[in-house]
Amino acid sequence: MKRLLCIVSSLDMGGAETFLMKINRSLPSSYRMDFIVSTNEGVYEEEVKKLGGRIFRIPLRTSSPIKSYKALKKIVSDHHYDYVLKLCDTPIGYFDLLACKKGGATHLCVRSCNASSQDSFLRKTINNILRKPFNRIATTKIAPSSLAGEYTFGKNEDFHLLHNGLALEQYRFNKEEREHVRKEWNIENTFVIGHIGRFSHQKNHDYLLDIFEEVRKEKNARLMLIGEGELLYDIKERAQHYKDEVIFCGLQKNIPSLLSAMDLFVFPSFYEGMPNTVIEAQANGLPCLISDTITKEVLLTDLIEMVSIEESPSLWKDKIKMNRERERTHYVEELKEKGYDIEDVVKTFISLIFEEEL
């Protein structure tokens, strides 16, 4: 059995972590994923253990860089890991890769998991200094999109594109689930706008509320917000006067059912690497209105329209008004044809990480 040690910040429902779990569930029994985290217990930890994976905790690098480095090196050495996968969006991940190399790992893989256009001067300077040694030490470089890869590795660096695959059939639109969820959340006979994402600056929830403010003036509408994060309290405070019109669902595992219950997916992020949730929405046949700062590689179907977040919320409202109902069951086939089925992605993943063919 070959084990891959995955270095992540947490095992909560972030996009990159969720992608790894989709891979993990579909791996053949001759492969296992273990995880290094730096946070308290996350929602995926029990599932990792049930799948045969091990979980190690090390100090947070930003708080205790030397202790973190030594702990990571020791884990790799003590458990004789050859294969390591680091999730990161900037070359600061170099230090974790160096610790793994000193611990004896020979395959140092990196998967880019985001892209940003709002770096400070200091952050850009650090990235530029570390990018060369970072690219040199990584033996395999992977990204979900060209935008994410160029941000992490640099525009002139080679890297492998690996789709954010899904167990596509699970995301197929389900009319019965739609009716069940809408009854459960008391959103029957309303127009439901949905959003899935961490409550963080990147996801731009404030602007999403501005859009909803315009929509609710003309429609009997509800806004379903799925996720948690550091700005959750602030957004809840701002949304108090909407009462039951804005629904905070927290973290949810029945994402396909919730997507079936929605009428439109609105995603005004400042930046994204390759958003899982927009791919999931397309698999469900759900029309999407997203910001034009997101990589255009997410335009996999005719379901998506891009709008600038520099435009007024009323323009987004006008676009929402023009949303038309469409037959939602055939988009799974489109995504299969484009290589987004998880079984195909797992084969590519094994080829890239373990240099083996299934």
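The values are calculated or read from the model by the stated rules, or taken from the named source; none is laboratory data. Just so it is clear, the structure is predicted and the values come from calculations on it, not from any experiment. Note that each Cβ is placed from the backbone with ideal geometry, even for glycine, and that neighbours are counted across all protein chains shown. What goes into the accessible areas is simple: the full protein's heavy atoms, side chains included, and nothing from ligands, DNA or RNA. Shrake-Rupley method; radii C 1.70, N 1.55, O 1.52, S 1.80 Å.
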Rough spin-label spacing in nm, given labels placed 7 Å along Cα→Cβ, for Asn323 and Lys219: 0.4
Which residues does a label at His330 reach in the stretch 283-306, if reach means a backbone N under 18 Å from a point 7 Å past the Cα toward the Cβ? 283-288, 300-304
Pairwise Cα inverse-distance average, inverted: Kirkwood Rh of the stretch 37-108 (Å): 12.9
Dipole check, the chain, charges on Cβ (K,R +1; D,E -1), about Cα centroid: among Met262, Gly154, Val37 the Cα furthest to the positive pole belongs to Val37
Solvent-accessible area per residue, Å², over the stretch 191-234 with all protein chains present [probe radius 1.4 Å]: 40
Based on the Cα atoms of the stretch 295-350, what semi-axes does the equivalent ellipsoid have, where each is the square root of 5 times one gyration tensor eigenvalue, given in whole Å with the largest first? 31, 16, 6
Please report the relative contact order for the chain, taking Cα pairs under 8 Å with a sequence separation of at least 6, and give it as a percent rounded to a whole number. 16
Note on the stretch 85-151: the mean projected area of its alpha-carbon convex hull, in nm², is 4.2
Expected-Rg normalisation [2.2 N^0.38 Å, Cα atoms] applied to the stretch 198-337: 1.01
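Share of Cα-Cα pairs in the stretch 127-280 beyond 18 Å, in percent? If you can, show how the numbers build up before the last one.
Values: 7601 of 11781 pairs.
Cα-Cα pairs in the stretch 127-280 separated by more than 18 Å: 65 percent.
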Here the gain from full extension of Lys132 to Ser64, 0.36 nm per residue of separation minus their alpha-carbon distance, amounts to 22.1 nm
Give, in nm to one decimal, the length gained when the segment between Ala167 and Lys236 is fully stretched (0.36 nm per residue of separation minus the Cα-Cα distance). 21.6 nm
Using a cut-off of 26 Å between alpha-carbon atoms, which lysines can reach Lys321, once sequence neighbours fewer than 8 places away in the same chain are excluded? Lys175, Lys183, Lys203, Lys217, Lys219, Lys236, Lys243, Lys296
Carbon plus sulfur, as percent of the 1.4 Å-probe accessible area of the chain, comes to 48
Going by accessible area, probe 1.4 Å, with all protein chains left in place, what is the ranking of Ser29, Ser38, Ser9, largest first? Ser29, Ser9, Ser38
Distance from the stretch 286-358 to the stretch 98-143 (C-alpha centre basis), Å: 27
Do any chymotrypsin sites (Phe, Trp or Tyr not before Pro) in the stretch 50-150 lie in a loop, going by DSSP, with at most 13 other beta-carbon atoms within 10 Å of their beta carbon, and if so which? none
Cα-based convex hull volume of the chain per residue, rounded to whole Å³: 139
Principal axis extents for the stretch 1-146, Cα atoms only, whole Å, descending order, please. 44, 29, 28
